[in-house]
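The values are calculated or read from the model by the stated rules, or taken from the named source; none is laboratory data. Quantities reported herein were computed from a predicted structural model and do not represent experimental measurements. Note that each Cβ is placed from the backbone with ideal geometry, even for glycine, and that neighbours are counted across all protein chains shown.
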Amino acid sequence: MSADREVLREIWSGRVPVCCYLSPEEAPGLNQPEPCYLIVPRLTYLPIVTDKIKKHFMRFVSQEKSDNEMWLEFNGQPLKWHYPIGVLYDLYASNDLQLPWTLTVHFDKFPEDVIIRCPNKEVVESHFMSSIKEADVLKHRGQVISGMQKKDHNQLWLGLQNDKFDQFWAVNRRLMEPTGEQEHFKHVPIRLYSEEGIGGTGPGPVLQRLIKPVTSTGARATLADMLAEIYPDRTEVRVRTHGITIPPDTPLQWMSEHLSYPDNFLHLCVC
């Protein structure tokens, strides 16, 4: 991959300040507990960083609810933990410039029709590694991840879980380099998130397509090329990731190498 290592560090360093309140319906008595403030990495997942939130509010909920699985919502929308935090923020709150991001904490009425249950961090690890393997199939026909040892897989997970850039990228760089004589990936792992429906029904469904990083003529494909293919009837489409709007002339190969989340997918919010 190209040597824009500082871009990788800047992306890794992205943070979101969060303010969490316990749902008034779940706090017995009249005294609402103090909110819990955190600054969380954009690239990680909610269950990795919410232990402090659970510990902060646990003593304020009734005994029968304290063993329930905690979940979070923003403006009435339950937050799907298997989306990276940065994706959730870009989808729901990036147009609201007021910070910190204010979330409501629940220990009751788990929305099983919206959120997958996550009883422990092993579930997060399994989801994360499955995504990496899927991305490697798209990029390298699965040859890179299958050639790694178990300790390499563990290092990827621990690097993310412990927020260690060098630990993670010592292994991940192998997944971000074209194999053989190729100068690009076979396909670019991309998930597109539509903002449609956020006013009341939440974002639209996630869209995933087979996207090549080169055009039919062999030229470098750009973000504009992909958008024209996926949204042929729309004259103006903006794409945001990591809190920034991406210029349409940005090459897809460069985006995949430098703007992917740790699961090796480009998570793009379309508006």
Restricting attention to segment 70-85, does a residue exist that is modelled with pLDDT of 95 or more, closer than 24 Å to Glu112 by Cα and either assigned by TED's automatic domain parsing to the domain that holds Leu266 or charged (D, E, K, R) (or both)?
-> yes
Long-range neighbours under 8 Å by Cβ, at least six apart or interchain, first residue in contact (Cβ under 8 Å) with a residue 60 or more places away in the chain within segment 207-236, second part of a loop (DSSP other than H, G, I, E, B) = Leu210/His187
Residue that is over 30 Å from His56 (Cβ atoms), of a type in the set (Val, Ile, Thr) and either over 16 Å from the mean Cα position of the chain (by Cα) or outside the structural domain of Pro41 (by TED's automatic domain parsing) (or both), where the choices are Val114, Val137 = Val137
Any residue at all in segment 92-113 that is free of Cβ contacts under 8 Å to residues at least 60 places away in the same chain, over 20 Å from Val40 (Cα atoms) and not charged (D, E, K, R)?
-> yes
What helices (runs of 4 or more DSSP H) completely inside segment 138-182 contain at least 1 residues that are surrounded by fewer than 14 Cβ atoms within 10 Å (Cβ to Cβ) and out of contact with any helix residue (DSSP H, G or I) (no Cβ under 9 Å at 6 or more places or on another chain)?
-> 150-161
Name the residue, out of Ile190, Ile145, Ile132, that is over 16 Å from the mean Cα position of the chain (by Cα), more than 28 Å from Tyr21 (Cβ to Cβ) and aliphatic (A, V, I, L, M).
-> Ile145
Condition check for Leu99: under 20 Å from the mean Cα position of the chain (by Cα), part of a helix (DSSP H, G or I) and of a type outside the set (Val, Ile, Thr) | no
Please identify the pairs in which a residue from segment 150-166 that is within 13 Å of Ser13 (Cα to Cα) has its Cβ atom under 7 Å from the Cβ atom of a residue that is among the charged types (D, E, K, R) and surrounded by fewer than 18 Cβ atoms within 10 Å (Cβ to Cβ), counting only partners at least 6 apart or on another chain.
-> Phe165/Arg9
